[in-house]
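Please read the structure below before turning to the comments.
What follows is calculated from the coordinates using simple rules that are stated; it is not laboratory data. Note that this is a predicted model, so its numbers are computed, not measured. All Cβ positions, glycine included, derive from the backbone under ideal geometry; neighbour counts span all protein chains shown.
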Amino acid sequence: MKTKPKIWLSSPHMGKMEQQFVKEAFDTNWIAPVGPHINAFEEDICQYTGIKYAVALSSGTAALHIALILLGIGKGDIVLCQSMTFSASANPIVYQGATPVFIDSEEDTWNMSPLFLEEAIKSRLKKGKKPAAIIVVDLYGMPAKLEEISGIALKYNIPLIEDAAEALGSHINGKMCGRFGKLSVLSFNGNKIITTSGGGALLSEDEEIINKSRFLASQARDTAPHFQHSSIGYNYRISNVLAGIGRGQMIVLPERIRQRRKNFERYSTYFKEIAKRGYIINFQPEPKGFYSNRWLTVITIDPTVNNGITREDLRLAFMQENIESRPLWKPMHLQPVFNNAPFYGNGISEKLFEIGLCLPSGSNLTASDFDRILGVMNNLFC
Ligand SMILES: *Cc1c(COP(=O)(O)O)cnc(C)c1O
């Protein structure tokens, strides 16, 4: 039997201009980690998000790493990090020899709980050690309670890093994700809402910070005719070729957000339909004033109210049909590698991980893809 074509969770979706920009890089021989596409891509990012300064880098992980370096995070420091996230949010803490302390999610956005954040800060202060930074994440495109969390960061004077890797184009009352941290991070990896195949960016309102990150990300070369170094550098800049892809992708970003949100609408209409059959499927909520790019449509299936059907039943049924879906990020405090890290919470991220599933969400899903996806669900939720 011939296997059906694969439906991916989220695959790259090129527009009309990307190849043209890449060709331009070749034609002008700007095949380097400097060049006009990089400058233009950074300008596009600034213009779109409203941030003052941005530096395009080789990945979101590199951007997070540079952010921690710029904040002077090192051995003995504590960094408070959202537990429910991709490991790349937390790994750079360990690169710097610092200790991650994980914070649970809340139910309204599934992101960092401001309550447990403040509890963790107070508890650490009592132990005599003030946390050196906070890393908050906008999961699946949903902004975290960024206003409350910035407020707490301000109150205790702890720098905030916003990991907006999944949330380009999302906002709270018009203020774009990527503008809430002292430093904020974007990713252009292959499955993000737009992609350069691999890439990232660091955003800030502080020009000096961005100049410094540009310096550190290009091997920390002092001004001198020879190679002179007074600090340790990194090779974290993006290629001018890939920045060309990024410029093309920025043109279609608004369209990609429309398409992803349309996927969400399509699923939500479907689940309203099957509610008539008694199934109760919930979505990642979008609080009033919050706007998610709906990078991924994410549902929870509680088996105790759905005839015993679990998210694994649905995932495996999709797999049978060559359709990719995925459990939510496994919380960092449950990861073997972060075995000993402290955690503040009451089990919300664990519960979400247990019953949550990311549905196929690409902006390039076709009508016939949706027929196959809904067909699988119809067989299960009959
Ligand atoms: C993708 C992602 C990153 C890492 O970005 P890369 O460009 O893949 O290094 C960091 N944090 C979150 C939440 C992500 O989804």
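Among ARG311, ARG247, ARG277, which one shows the highest mean-square fluctuation when the chain is modelled as a Gaussian network with alpha-carbon springs under 10 Å?
The residue that fluctuates most here is ARG277.
Lysines within cross-link reach of LYS130: Cα-Cα under 17 Å, excluding same-chain residues under 8 positions apart?
Of all the lysines, those that pass the test against LYS130 - Cα under 17 Å, at least 8 places apart if same chain - are LYS75, LYS122, LYS155.
Straight distance only, please: which aspartates and glutamates reach the Cα of LYS6 with their own Cα at less than 14 Å, same-chain residues fewer than 8 apart left out?
The qualifying aspartates and glutamates are GLU321, GLU324, ASP369, ASP371.
Taking 0.36 nm per residue of separation and subtracting the Cα-Cα distance, what length does fully extending LYS23 through ASN379 add? Show your work: numbers first, answer last.
Numbers: separation 356, 0.36 × 356 = 128.16 nm, distance 4.70 nm.
The span from LYS23 to ASN379 would gain 123.5 nm if fully extended.
Can you tell me the mean projection area, over all orientations, of the convex hull of the chain's alpha carbons? Units nm², please.
Working: hull surface 83.7 nm².
Approximately 20.9 nm², given one-decimal rounding.
Through the Karplus equation 6.51 cos²θ - 1.76 cosθ + 1.60, θ set to phi - 60°, convert the phi angles of region 172-187 into ³J(HN,Hα) values in whole Hz; use x for Gly and Pro.
Taking θ as phi minus 60°, the curve returns 10, 6, x, 7, 5, 4, x, 10, 9, x, 4, 9, 10, 10, 10, 10 Hz for region 172-187.
Just to confirm my numbers, what's the Cα centroid distance between region 191-251 and region 118-156 in Å?
Their Cα centres are 27 Å away from one another.
Given points 7 Å out from each Cα along the Cα-Cβ axis, report the GLU119 to LYS2 separation in nanometres with one decimal.
Rounded to a tenth, the inter-label distance reads 5.6 nm.
Which pairs, out of LYS52/LYS182; LYS288/LYS330; LYS4/LYS330; LYS145/LYS192; LYS52/LYS175, put more than 18 Å between their alpha-carbon atoms? Before the final figure, lay out each step's value.
Values: LYS52/LYS182 12 Å; LYS288/LYS330 27 Å; LYS4/LYS330 29 Å; LYS145/LYS192 22 Å; LYS52/LYS175 13 Å.
The answer is LYS288/LYS330; LYS4/LYS330; LYS145/LYS192.
May I ask you to list the residues of region 187-212 whose amide nitrogen lies under 19 Å from a point 7 Å from Cα along the Cα→beta-carbon direction of CYS46?
Only 187, 200-212 fall inside the zone, counting backbone N under 19 Å.
Considering the Cα trace of region 122-163, what is its radius of gyration and what is Dmax, both in angstroms?
When restricted to the Cα atoms of region 122-163, Rg and Dmax are 11.4, 35 Å.
Going by amide H atoms built from the backbone, whose H comes under 5 Å of the H on PHE180, apart from near neighbours?
Excluding prolines and chain starts, which carry no amide H, there are no hits.
Please figure out what share of the DSSP beta bridges in region 143-261 is antiparallel and state it in percent, rounded to the nearest 5. Before the final figure, lay out each step's value.
Values: 7 of 10 bridges.
Around 70 percent antiparallel, to the nearest 5.
Within a 10 angstrom radius of the beta carbon, how do CYS177, CYS81, CYS358 rank from fewest other beta carbons to most? All intermediate terms of the calculation are to be shown ahead of the outcome.
Working: CYS177 30, CYS81 27, CYS358 22.
By the 10 Å Cβ count, ascending, the order reads CYS358, CYS81, CYS177.
How far apart, in nm, are the 7 Å Cα→Cβ label points at SER268 and LEU9?
Taking the simple label geometry, SER268 and LEU9 are separated by 2.2 nm.
Starting from the amide H of ILE103, placed 1.01 Å from N in the peptide plane, find each other amide H under 5 Å away whose residue is 5 or more places distant or on another chain.
Distant-sequence amide H within range of ILE103: CYS81, GLN82, SER83, TYR344.
List, in order, the whole-Hz ³J(HN,Hα) value for each residue of region 127-136 obtained from phi through the Karplus relation with A = 6.51, B = -1.76, C = 1.60 and θ = phi - 60°; use x for Gly and Pro.
With the stated coefficients, region 127-136 comes to 6, x, 9, 7, x, 8, 6, 10, 10, 10 Hz.
For the pair ASN191/ASN307, report the inter-label distance in nm, with labels modelled 7 Å from Cα in the Cβ direction.
For ASN191 paired with ASN307, the spin-label model returns 2.9 nm.
Can you give the local net charge around ARG214? Use residues other than it whose beta-carbon is closer than 12 angstrom to its beta-carbon, Lys and Arg +1, Asp and Glu -1. Show your work: numbers first, answer last.
Values: positive: LYS212, ARG221, ARG237; negative: GLU42, GLU207, GLU208.
In short, 0.
DSSP beta bridges in the chain, what fraction antiparallel, as a percent rounded to 5? Provide the component values of the computation, followed by the final result.
Details: 25 of 43 bridges.
Taking every DSSP beta bridge with both residues in the chain, the antiparallel ones total about 60 percent.
Could you tell me the calculated FRET efficiency between ASP108 and LYS75, based on Cβ-Cβ distance and R0 = 30 angstrom, to the nearest 0.05? All intermediate terms of the calculation are to be shown ahead of the outcome.
Values: r = 36 Å, r/R0 = 1.20.
Efficiency computed from Cβ-Cβ geometry: 0.25.
Students often forget the sequence filter, so: which aspartates and glutamates lie under 18 Å Cα-Cα from LYS276 once same-chain residues fewer than 8 apart are removed?
GLU265, ASP302
Taking amide H atoms as placed 1.01 Å from N in the peptide plane, list the residues 5 or more away in sequence, or in a different chain, whose amide H sits under 5 Å from that of SER361.
SER10
For region 69-86, in order, what is each residue's ³J(HN,Hα) by Karplus, 6.51 cos²θ - 1.76 cosθ + 1.60 with θ = phi - 60°, in whole Hz (x at glycine and Pro)?
4, 5, 7, x, 6, x, 3, x, 7, 10, 10, 7, 9, 4, 6, 7, 6, 6
Eigenvalues of the Cα gyration tensor times 5, then square-rooted: what semi-axes does that give for region 114-190, in whole angstrom, largest first? Don't jump to the answer; show the numbers that get you there.
Numbers: eigenvalues 120, 30, 20 Å².
Rounded to whole Å, the semi-axes are 24, 12, 10.
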